[in-house]
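The structure appears below as structure tokens.
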Amino acid sequence: MVGRFWPCSRGEDDTFCKIVVVYDQWVIIIIQIIVGIIMIIWVYALYMKSRRVLLFLVMVILAGISVSCWALLSALPATAQPVPTPPLCNGCNVPISYEKCVSSLSLL
């Protein structure tokens, strides 16, 4: 959210904007983990504390966390071309590569 109100960054040194983008992605993952744990507790109680249901749900959330962290931490190739972005002059405008777009789809 901070990056939306930050002055326009069009220069070569946009490290602050890159930090804000990564921070936003980590916040998304953390919120999904918290909501996932709440839902696991709710479904676990709904199925009368069945250990099989709990094991299945924990495996699903661990797989989701693994995929999200992989998508966030995967290194970009040096030859990656940035995805074109519309010319905006508000907030952080950090283009990302096509490969990063595809790997970030797991966060949805």
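Summary table
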{"read-out": "Qualifying residue in the range 31-40 (condition: outside any loop (DSSP other than H, G, I, E, B) and at pLDDT below 80)", "value": "no"}
{"read-out": "Of residues in the range 3-18 being in a helix (DSSP H, G or I) and surrounded by 13 or more Cβ atoms within 10 Å (Cβ to Cβ), the one modelled with the lowest pLDDT", "value": "GLY3"}
{"read-out": "Residue satisfying all of: in the range 50-81; in contact with a helix residue (DSSP H, G or I) (Cβ under 9 Å, 6 or more places away or on another chain) and modelled with pLDDT under 60; most open to solvent (accessible area, probe 1.4 Å) among these", "value": "LEU76"}
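The values are calculated or read from the model by the stated rules, or taken from the named source; none is laboratory data. Because the structure is predicted, anything quoted here is derived from the model rather than measured. Because the Cβ atoms are built from the backbone with ideal geometry, glycine has one as well, and the counts that use them run over all protein chains shown. The area values use the complete protein model at the heavy-atom level, side chains included, leaving out ligands, DNA and RNA. Shrake-Rupley method; radii C 1.70, N 1.55, O 1.52, S 1.80 Å.
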